[in-house]
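Take a look at the structure set out below.
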Amino acid sequence: MAVRHLEAEVRQERGVVVLDLRGEINGFAQEALDAAYAEAESNDPEVILLNFEGVDYINSTGIALIVGLLAKARLSKRRLVAYGLSDHYVEIFEITRLSDFMGVFPDEESAMSATSVS
Amino acid sequence: MDQRPSDSRERNGAWRVLRELSVPSEAGNERLAMEKVADAVRDLDIRGENLERLKTAVAEATMNAMEHGNKYRAESFVLIEVSASDTQLSVKITDEGSGPPDFHAETPDLEAKLKGMQTPRGWGLFLIKNMVDDMEVTGDEHHHTVELILNLDGRTEGGT
């Protein structure tokens, strides 16, 4: 089974920076994820949305990468918000307590509304 | 695939082997393992979130076996045996490691990780424990085996 390496694109949407993630978040994803996050930060946004709609697999190494992004965001006093996770990964975000430190929403609209920047 | 250090059949009566398989220890092959196990249990009608939990546990245990037991040597295989009784599913995941099984023993604390007091990693064992009903880690001088146990009662309707 071929690994679907992560692709990450950055876009601005209604004053918010969105990271559109596609593929697998595993050990191979670090470079793409870090590069996209750095690009997102370059706009100095208050909120960064992580769009997981195109992500079909996250392993424990991927969780560690997301923890790393969250640590960076907190250090620079940005809010990191997630949306588009499958029910299974919502559960994993709850078990790991990631959802205690970053908002988790079903879709972009609800994430935008909750961040009060729409 | 015989001579496993751990054998739940003795604990729980009549077991049948559903599948024996192996995957080379190459990064990313944990997904191959989890899909093969999902295929092996399709007749048990484990669906929805319960199947996703099993797949995550299998993937994490396989990844640990490839990384720590087999040191990502492609010529070293992770052996997986899937078996079931009337009430339980067992997935045994065996690597070629020796000595004590190498799992990150520290319970992950996200707040500590965010403060840099714990490494961001170390989620594998924690995830496995939360995904299955029981797990057992055994080892000898030639192998480590992680056995995942899923109770089948009430799990055939899908959902949570």
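Here are a few things to note about the model shown:
- Being crowded, with 22+ Cβ neighbours inside 10 Å, more than 14 Å from the chain's Cα centre (by Cα) and of a type outside the set (Phe, Trp, Tyr) holds for only one residue in A:Ser76, A:Ser42, A:Ser60, and it is A:Ser60.
- A single member of B:Pro120, B:Pro100 is under 30 Å from A:Leu69 (Cβ atoms) and either in a loop (DSSP other than H, G, I, E, B) or modelled with pLDDT under 95 (or both), and it is B:Pro120.
- If you filter region B:143-160 down to residues that are at pLDDT 90 or above and not in a strand (DSSP E or B), you find that the one that is nearest to the chain's Cα centre (by Cα) is B:His143.
- Checked against the criterion of being more than 14 Å from chain B (Cβ to nearest Cβ), in contact (Cβ under 8 Å) with a residue 40 or more places away in the chain and in contact with a helix residue (DSSP H, G or I) (Cβ under 6 Å, 6 or more places away or on another chain), the candidates A:Leu65, A:Leu49 yield just one match: A:Leu49.
One line per residue, one yes/no per condition, for (1) facing another protein chain (nearest Cβ under 10 Å); (2) at negative phi; (3) free of Cβ contacts under 8 Å to residues at least 12 places away in the same chain:
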{"residue": "B:Ala84", "(1), (2), (3)": "no, yes, no"}
{"residue": "B:Gly116", "(1), (2), (3)": "yes, no, yes"}
{"residue": "B:Phe126", "(1), (2), (3)": "yes, yes, no"}
{"residue": "B:Glu136", "(1), (2), (3)": "no, yes, no"}
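- Meets criteria (within 11 Å of chain B (Cβ to nearest Cβ), of a type in the set (S, T, N, Q) and without any contact (Cβ under 8 Å) to a residue 12 or more places away in the chain) for A:Ser42: no
- Residues located in region B:58-80, provided they are more than 10 Å from the chain's Cα centre (by Cα), not polar (S, T, N, Q) and not in a helix (DSSP H, G or I): B:Lys71, B:Tyr72, B:Arg73, B:Ala74, B:Glu75, B:Phe77, B:Val78, B:Leu79
- Residues of region A:1-29 satisfying the condition of being of a type in the set (Lys, Arg) and away from chain B (no Cβ under 14 Å): A:Arg11, A:Arg14, A:Arg22
- Test: residue in region B:23-35 that is assigned to a strand (DSSP E or B) and within 13 Å of another protein chain (Cβ to nearest Cβ): yes
- Among residues of region A:6-29 that are over 16 Å from A:Val81 (Cα atoms), those with a beta-carbon under 9 Å from a residue that is at pLDDT below 95 and among the β-branched types (Val, Ile, Thr) at least six positions away or on a different chain give the pairs A:Gly23/A:Val3; A:Glu24/A:Val3; A:Asn26/A:Val3; A:Phe28/A:Val3.
- Selected residue [buried (at least 18 other Cβ atoms within 10 Å of the Cβ) and assigned to a strand (DSSP E or B)] from A:Leu49, A:Leu33: A:Leu49
- Selection status of A:Gly54, within 13 Å of the chain's Cα centre (by Cα) and assigned to a strand (DSSP E or B): yes
- Residue in region B:36-60 that is surrounded by the fewest Cβ atoms within 10 Å (Cβ to Cβ), counting only those that are at the interface with another protein chain (Cβ under 10 Å from one of its Cβ atoms) and charged (D, E, K, R): B:Glu49
- Here A:Leu85 does not fit the description of being part of a helix (DSSP H, G or I) and crowded, with 16+ Cβ neighbours inside 10 Å.
- Extreme residue, farthest from A:Arg4 (Cα to Cα), among residues of region B:19-44 that are without any contact (Cβ under 8 Å) to a residue 40 or more places away in the chain and acidic (Asp, Glu): B:Asp43
The values are calculated or read from the model by the stated rules, or taken from the named source; none is laboratory data. Since the structure is predicted, the reported quantities are computational estimates derived from the model, not experimental observations. Every residue, glycine as well, gets a Cβ built from its backbone with ideal geometry; the counts of neighbours run over all protein chains shown.
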